[in-house]
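Throughout, read-outs are computed from the coordinates displayed, never taken from laboratory work. Predicted, not measured: the structure shown is a model, and the values here were computed from it. Cβ sites come from the backbone with ideal geometry, for glycine too, and all protein chains shown count toward neighbours.
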Amino acid sequence: MSLLEAIILGIIQGLTEFLPISSTAHVKIAMEFLGLSDETGAAFTAVIQIGTLAAAIAYFRADILRIVRAVCEAIWQRQPLGTYDARLGWMIAAGTIPIVVCGLIFSRHIESTLRSFYVISAALIVVALLMEVAEEFMVQRLMAHVPPKELDNVTWHDSLWIGVAQAFALIPGVSRSGSTITAGLFRNFSRPTAAKFSFLLSLPAIFGAALKELIEHREALLGTSHHAVALIVATIVSGIVGYLSIAFLLKYLKTRTTRAFVVYRIALAAMLLVLLLTGVLPRHIAAN
C-alpha cells in the first residue's frame, strides 16, 4: 500500500464512518479498485477507526467529560445511578454489550463470509428501507404532535434497543450510524439526538474492535516500517475527515431528513450488483 492509497482509504473511512452509508462497504470497494488485498481488510478498517474514534472524542469532549465525571462521582458516593449523567454512562455501557457478544461469537464470519459484495448490497438496501420506514414513523408522530426525545430523555430500553441495532452493524453494508440512527428514530429520538447518541454509543465498541484487530493482526499491519507508516497516515487522515463529517451530519440533520442517504444506499447497492453481474467485480473475489 502506497502513502497515496493510505490517504485515499483514510479519507473514505473518515467520511463514511459517521454518515449512515457504511464505512466498511466503501473501504472494501476502494481496496478492490486499488488492487489491494482484502485478507487483512477487516483488520485494517477496524484499526484506522482509531482516527474516527479520536475525532468523536474531540468533538464530544464536553459531553464525555461530564458523563465520566458523573459516573466517577456517583461511584465514589456509593450511588452509581444517582444522577442522570451517571445513568447515561451506564446506559452506554449496557448498550455496548450486544455488539461485544455478537462480535466475539461471529468474528470469523464477519472477517470472511459476510464481507461478500452480495451481502453488502443486500445490507445497503435493507437498512435503506428501514431508514425510510423510520422517517415515515417520525412524520406521523410529528403530525400527532408527539414531541421527539432529546438526550436527557434517553431510557434503559432506548439504549438496549439501539445497542442491539449497533450489533447488526457488524455486517458490512449495514453501517453503525445507519442502524443506530434508524433505531433512534424508531424510539422517537429527534434526528440530531439519534445521531449524537449513536456516536457516543459507538466509542467503546470502536475502541475495543480496533484494539482487538491491532493485537491479532499486528504482524500483517505493522510487519514493516512501510506498513506501519501507511496505517498511521490512514488513521490520522480518517480522524481529520471524521471530525468534519460529524460536524456536517449534526448540522445537516437539524433541518433535513435521512432520505438523501436512503437514495444513496440504494444507488450504491444497484451499482455493486451491476458490477458483479457484468464481471467488473469478479464473483470469486466478491464471495471471499
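Label sites at ARG256 and LEU211, each approximated as a point 7 angstrom past Cα along Cα to Cβ, lie 3.7 nm apart. Charge dipole (Cα centre; +1 on Lys/Arg Cβ, -1 on Asp/Glu Cβ; no other charges) of the chain amounts to roughly 600 debye.
In the list (1) 54, 44, 33; (2) 62, 45, 33; (3) 91, 43, 26, the label attached to Cα extents along the principal axes in Å as derived from the coordinates here is (1).
Taking packing as the residue-averaged number of other Cβ atoms within 10 angstrom, the listed peptides 46-55, 196-205, 83-92 run from highest to lowest as 46-55, 196-205, 83-92. Taken about its Cα centre, the stretch 104-172 carries a charge dipole of roughly 280 debye when the Cβ of each Lys and Arg holds +1 and the Cβ of each Asp and Glu holds -1. If only the Cβ of Lys and Arg carry +1 and only the Cβ of Asp and Glu carry -1, the dipole of the stretch 1-153 around its Cα centre is close to 480 debye.
Among the listed pairs LYS212/LYS251; LYS28/LYS254; LYS28/LYS196; LYS149/LYS196, a Cα-Cα separation exceeding 22 Å is found for LYS212/LYS251; LYS28/LYS254; LYS28/LYS196. Spacing of the modelled spin labels on LEU3 and ALA93, each 7 Å from Cα toward Cβ, amounts to 4.3 nm. Taking amide H positions as modeled 1.01 Å from N, with prolines and chain starts lacking one, the residues under 5 Å from PHE189 and 5 or more places away or on another chain are LYS149. Ellipticity at 222 nm from helices only: DSSP H runs of n ≥ 4 in the chain, each -39500 (n - 2.57), divided by the residue count, give -25500 deg cm²/dmol. Packing order of peptides 128-140, 63-75, highest average first: 128-140, 63-75 (average count of other Cβ atoms within 10 Å over each peptide's residues).
Put a dot 7 Å past the Cα of ARG69, heading toward its Cβ, do the same for THR155, and the two dots end up 3.0 nm apart.
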